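Remarks on the structure that follows.
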Amino acid sequence: MTKYYDVVVAGGGHNGLTVAAYLAKAGLNVTVVEAKKYVGGGVLTMEVTNPGFKHDLAATGHMFIQPNPIITNDELKLLSKYGLKYIYPQSMSSIIFPDDRVLKFYRDVDKTCVSIEQFSHKDAAAYRRFHDWTIESLDIFTAGMFSPPQPFSDLVAMLSQNEQGQEIMRTLMMSAQDVANEWFESPELRIALGRFVSEGMVDPQLKGTGLNLFMFIGLIHKFGWGVPVGGSGVLSDALERCLIDHGGTILTSSNVERFDISDGVCRGVILDTGEKIMGKKAVITTFSIKQLPAMIGEANLPPGFKRKVDCLTHSSFSSLHQVLAINEAPRYNAALSTEESVFVQFVPGDYEKYLKVFDGYKFGDRHTESPLVICWSIVDPSRAPSGKHTLYLYHYEPYNIREGAAKWDQLRQETADGILKFLQKRTANMGPENILGRGMHSPLDCERVNKSFVKGDQGHIGLDLHQVMGNRPFPSMGSYRTPVKSLYLCGCSTSPGGGVSCGSRAAVPVIMGDLGMDFKDLIA
């Protein structure tokens, strides 16, 4: 059996839904092909513990989507018509040190600087200067996140034209930790800022991550944390409704085995059942680029392509993620108000020890004493039954542990229990009596749940300098075009990368242009 559409999108994560919705709005007959019984990919909220408790199963923070015109201009009417709604807490993150001192970050820069003053008056002043510097150029970089990226060489040439640009380029070449060390004196602020950058699943000591810190500070204060009411998956739900409303379709339980290619042109996809889903004008995929050589077939690829893919590096680490249904929100031993308890990160107090944790991940060391703890239900009660709460308990872990990745099945419970025990020591009420339900998955489970998360990498590939912006996944594919005619790649493997950003919007002008359509008319 064969089905025909104008455009086939292989992969029903939020990026696949995004590109499909734009193209359907443009009048194309679009279908999304998804292996699971539901869409959403890594942007998914489900009741997996107890009834009524809505848990984000992978991505949870909606910060990077906030500057996207899909939100700022409501280009697909996700906000005005399709049910997406955001809350913006004023308290954004609390960093707790071993002695229970807390460094608090607020959307308000002044309040943040007051918190920094307890560690260093000099750093409070420097933080304000750093913030002001990032804001000067933030709009340029955020606009670039959601448009086709320029070649990296062009970016270098542009930034080299004046002193301000040269300083940004210098920052880009440094590690985030180098930048923090250069600007700030207190180990506490250096640790906190490095920890923020690491939320991109990247070692903050990695050269080329300096711009991540530059971007992060500007983004959190200008746009804040966006908390989607009802859970992260509400974004995917809104995109699905938008797509269907514009005549698009979704084929779930349809596992793509390979691409149908003849005479150097991609004609569609072939499912594991043998069924063909054909795209008369284009085929788009949001799969990991690591999957593509096998699915395209090396005979259809230029010499050296597979080697380029094999050389792409994964993120610095993966994660062990737990979700808990609880009676009461955590009461921390540290002095925190209720709102300040929504987003909490535990870190070592010693700077050297903090850095060695990231070094340990390189060698497969598991760790249990630096969790991220999020209780969104404090600000979004719709995520749990009345008076109850959900907890997102997240910890970086290596995929390739010393014992071997296959051993995660034996070590998952032990590691998860160690993380929970640490949280119990730092809170007054997280004992068994407060826990109603619990679920968990390891880096190995992450790979099993989503085939695009190769080696547990939810971002597909890392945010190394040679794999970002116009270099992502590598320069010859920075335009979203694959070497196979009519086959496009967008999503986490391409610019702007992983996270909840609806970043595949950037691919739409390229695809529409190749089809003789004007993207500007679509968004006018």
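Bear in mind these aren't lab numbers, they're just calculated from the coordinates by the rules spelled out. Keep in mind it's a predicted model, so treat the numbers as computed, not measured. Don't worry about glycine lacking a Cβ; one is built from the backbone with ideal geometry, like all the others, and counts go over all protein chains shown.
Where in region 428-451 is the amide nitrogen less than 17 Å from a point lying 7 Å along the Cα-to-Cβ axis of Asn327?
Residues 428-438 qualify, since their backbone N sits under 17 Å from the label point.
Report the antiparallel proportion of the DSSP beta bridges in the chain as a percent, rounded to a multiple of 5.
65 percent
Using alpha-carbon positions, what is the distance between the centroids of region 317-364 and region 128-148, in Å?
Taking the Cα centre of each part, region 317-364 and region 128-148 sit 28 Å apart.
Which of the listed residues, Ser319, Ile217, Gln410, is farthest toward the dipole's positive end in the chain, when Lys, Arg count +1 and Asp, Glu count -1 at the beta-carbon?
Positive-most Cα among the choices belongs to Gln410.
If each residue of separation counts as 0.36 nm, what is the full-extension length gain between Cys311 and Ala406 once their alpha-carbon separation is subtracted?
Difference between extended and current length: 31.9 nm.
Toward the positive end of the charge dipole of the chain, about the Cα centre and with charges on Cβ (Lys, Arg +1; Asp, Glu -1), which of Gln164, Val179, Ala524 goes farthest?
Ala524
Taking every pair of alpha-carbon atoms in the chain, give the share separated by more than 42 Å as a whole percent. If you can, show how the numbers build up before the last one.
Numbers: 20978 of 137026 pairs.
Here the long-distance tail beyond 42 Å is 15 percent of all Cα pairs in the chain.
Calculated FRET efficiency, Asn429 and Ala294, Cβ-Cβ r, R0 41 Å, to nearest 0.05?
Working: r = 49 Å, r/R0 = 1.20.
Result of the calculation: an efficiency of 0.25.
Which value, in Å to one decimal place, does the Kirkwood hydrodynamic radius take for region 331-442 when every pair of different Cα atoms is included?
Details: mean 1/r = 0.0647 Å⁻¹.
After inverting the mean inverse Cα-Cα distance, the result is 15.5 Å.
Between Ile87 and Lys451, what length comes free when the chain is fully extended (0.36 nm per residue of separation minus the Cα-Cα distance, one decimal in nm)? Walk me through the numbers before you get to the answer.
Details: separation 364, 0.36 × 364 = 131.04 nm, distance 3.17 nm.
Length gained, Ile87 through Lys451: 127.9 nm.
How big is D, in µm² s⁻¹, for region 465-524 by Stokes-Einstein at 4 °C and 1.567 mPa s if Rh is the Kirkwood radius over C-alpha pairs?
It comes out at roughly 108 µm²/s.
Please state, rounded to one decimal and in Å, the Kirkwood hydrodynamic radius that region 363-428 gives when every pair of distinct Cα atoms enters the mean of 1/r. List each step's numbers first, then the result.
On the way: mean 1/r = 0.0739 Å⁻¹.
This gives a value of 13.5 Å.
Work out how far the C-alpha atoms of region 73-142 reach from end to end along every principal axis, then list the three figures in whole Å, largest first.
Computed over the Cα atoms, the extents are 46, 30, 17 Å.
If the label point is 7 Å along Cα→Cβ of Ala125, which residues in region 178-192 have backbone nitrogen under 16 Å from it?
183-186
To the nearest 20 debye, what is the magnitude of the charge dipole of region 160-216 about its Cα centre, counting +1 on the Cβ of each Lys and Arg and -1 on the Cβ of each Asp and Glu?
Details: 4 positive and 8 negative charges, 28 e Å.
Taking the Cα centre of region 160-216 as origin, the dipole is about 140 debye.
Sum -39500 (n - 2.57) across every DSSP H segment of at least 4 residues in the chain, then divide by the residue count to get the 222 nm mean residue ellipticity, nearest 500. Numbers along the way, then the final one.
Values: 17 runs with 176 residues, N = 524.
It lands at -10000 deg cm²/dmol.
Distance check, please: which entries in Lys54/Lys81; Lys54/Lys308; Lys54/Lys362; Lys451/Lys485 exceed 29 angstrom between their Cα atoms?
Details: Lys54/Lys81 23 Å; Lys54/Lys308 40 Å; Lys54/Lys362 33 Å; Lys451/Lys485 24 Å.
Cα-Cα > 29 Å for Lys54/Lys308; Lys54/Lys362; rest within.
At what distance in nm do the modelled label points of Glu414 and Asn181 sit from each other, each positioned 7 Å from its Cα along Cα→Cβ?
Placing both labels 7 Å beyond Cα along the Cβ direction yields 3.5 nm.
Calculate the length of the line joining the C-alpha centroid of region 1-78 to that of region 365-399, in whole Å.
Value for the Cα centre distance between the two parts: 23 Å.
Principal axis extents for region 113-245, Cα atoms only, whole Å, descending order, please.
54, 40, 25
Over the Cα atoms of region 384-524, what radius of gyration and what Dmax do you get, in Å?
When restricted to the Cα atoms of region 384-524, Rg and Dmax are 20.8, 62 Å.
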